[in-house]
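Undergrad: Here's a structure for you.
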Ligand SMILES: Cc1ncc(COP(=O)(O)O)c(C=O)c1O
């Protein structure tokens, strides 16, 4: 039986993407060769890379606006470092909304002053700080749009003169935003895009070249831009699969279409969490993530029963992160409304039978 996969990442991808990607591993474009054995400089692969880069910009509405898209390696964790390496000369602001923002802060401190403009650490990151002061003269302000572990999501982005850098690893391509407000967006592929192994970086070129330090080639955005994201051998399988997912999203109607389904999925699960007395949400209501819903049982004695019902229903990956506990239903783009319905049925069945 095909499972309903609520994993936080790596996670569910569209079935048709799995199928096409596996076909390409056996025989890429009818060439008699596998996608993973051909040269990354071959015409066929260069076309894949170019298509992936242009689809990313097109879906975000950033074509012809001075942005470049790159598919790099090292995960979003490498971007914690690269963003600071390339942009931090004096001081940068960071909004600390969880584990991933904290890790980004740690890396940035190696390159300059880091001002934590706000933090929700006081309540185990169950909310997004608001009304915080953004000092003048920042090299950039860094945000994490969706906090995968805690299940919070920024709904309104701050207005600032400073370049805006955003880790969108767990909600990129899931909702419509004015993406021109960001100067640097990065996201590990392994949630809404593809398998682990590549990271999408979308960068406004005019923010580069302002720091005085020397930057090692592999960590220099300008080097990767000048080589069309082919400075060294790219992770061909991860880029190809990401391209397929972006194509799937475009054919579906783009971000606006998927956002509609994502809203329905989130409403379904949160209304059950709120109405069912056996469950309580972790994140503050106004900051709830549409991608990762975090919740707990109100009576721990029901844990075993609930988890065995979940298993019987073919639901996979809803255990919460160890720093939060409880449950986390990750509802990325490729997870169907039907799968969320199955989870909600199990939750209400528990209430009926417990
Ligand atoms: C919001 C966010 N940022 C960064 C990361 C780290 O990504 P990676 O494992 O690609 O380095 C994750 C991983 O789940 C994440 O959810």
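Undergrad: Let me spell it out: the conditions are (1) without any contact (Cβ under 8 Å) to a residue 60 or more places away in the chain; (2) within 16 Å of the ligand (Cβ to nearest atom); (3) in contact with a strand residue (DSSP E or B) (Cβ under 8 Å, 6 or more places away or on another chain), and residue 106 meets all of them except one. Which number is the exception?
TA: With (1) without any contact (Cβ under 8 Å) to a residue 60 or more places away in the chain; (2) within 16 Å of the ligand (Cβ to nearest atom); (3) in contact with a strand residue (DSSP E or B) (Cβ under 8 Å, 6 or more places away or on another chain) applied to residue 106, the lone miss is (3).
Undergrad: Next question, about the same structure. Inside the range 130-156, can you point out the residues that are under 20 Å from the mean Cα position of the chain (by Cα), surrounded by 14 or more Cβ atoms within 10 Å (Cβ to Cβ) and away from the ligand (no atom under 14 Å from the Cβ)?
TA: 141, 155
Undergrad: Would you mind finding the one in 25, 46 that is touching a helix residue (DSSP H, G or I) at 6+ places or on another chain (Cβ under 8 Å), at negative phi and modelled with pLDDT of 95 or more?
TA: When all the criteria are applied, what remains is 25.
Undergrad: State which residue is nearest to the chain's Cα centre (by Cα) when the search covers only the range 274-287 and only residues that are within 19 Å of residue 146 (Cβ to Cβ) and buried (at least 22 other Cβ atoms within 10 Å of the Cβ).
TA: 283
Undergrad: Additional query: With the condition kept exactly as written, say whether any residue in the range 179-194 is within 16 Å of the ligand (Cβ to nearest atom), assigned by TED's automatic domain parsing to the domain that holds residue 20, farther than 23 Å from residue 97 by Cβ and crowded, with 18+ Cβ neighbours inside 10 Å.
TA: Looking through the range 179-194, at least one residue is within 16 Å of the ligand (Cβ to nearest atom), assigned by TED's automatic domain parsing to the domain that holds residue 20, farther than 23 Å from residue 97 by Cβ and crowded, with 18+ Cβ neighbours inside 10 Å.
Undergrad: Here is a follow-up. Please find, within the range 159-174, the residue that is nearest to residue 227 (Cα to Cα) out of those that are more than 12 Å from the ligand (Cβ to nearest atom) and surrounded by 19 or more Cβ atoms within 10 Å (Cβ to Cβ).
TA: Here the answer is 165.
The rows are residues; the columns are (1) surrounded by fewer than 17 Cβ atoms within 10 Å (Cβ to Cβ); (2) within 30 Å of residue 294 (Cα to Cα); (3) within 11 Å of the ligand (Cβ to nearest atom).
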residue: 64; (1), (2), (3): yes, no, no
residue: 81; (1), (2), (3): no, yes, yes
residue: 88; (1), (2), (3): no, no, no
residue: 111; (1), (2), (3): no, no, no
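Undergrad: Still on this structure, please answer the following. Can you tell me how many residues in the range 317-340 are closer than 30 Å to residue 252 by Cα and exposed (fewer than 14 other Cβ atoms within 10 Å of the Cβ)?
TA: Adding up the residues that qualify gives 2.
Undergrad: OK, next. Is it the case that residue 291 is at pLDDT 95 or above, buried (at least 22 other Cβ atoms within 10 Å of the Cβ) and out of contact with any helix residue (DSSP H, G or I) (no Cβ under 6 Å at 6 or more places or on another chain)? Lay out the reasoning, then the answer.
TA: Numbers: at pLDDT 95 or above: yes; buried (at least 22 other Cβ atoms within 10 Å of the Cβ): yes; out of contact with any helix residue (DSSP H, G or I) (no Cβ under 6 Å at 6 or more places or on another chain): yes.
So residue 291 fits the description; yes.
The values are calculated or read from the model by the stated rules, or taken from the named source; none is laboratory data. Everything numeric here is computed off the predicted structure, so don't read it as measured data. In this analysis, Cβ positions are derived from the backbone assuming ideal geometry, glycine residues included, and neighbour counts consider all displayed protein chains.
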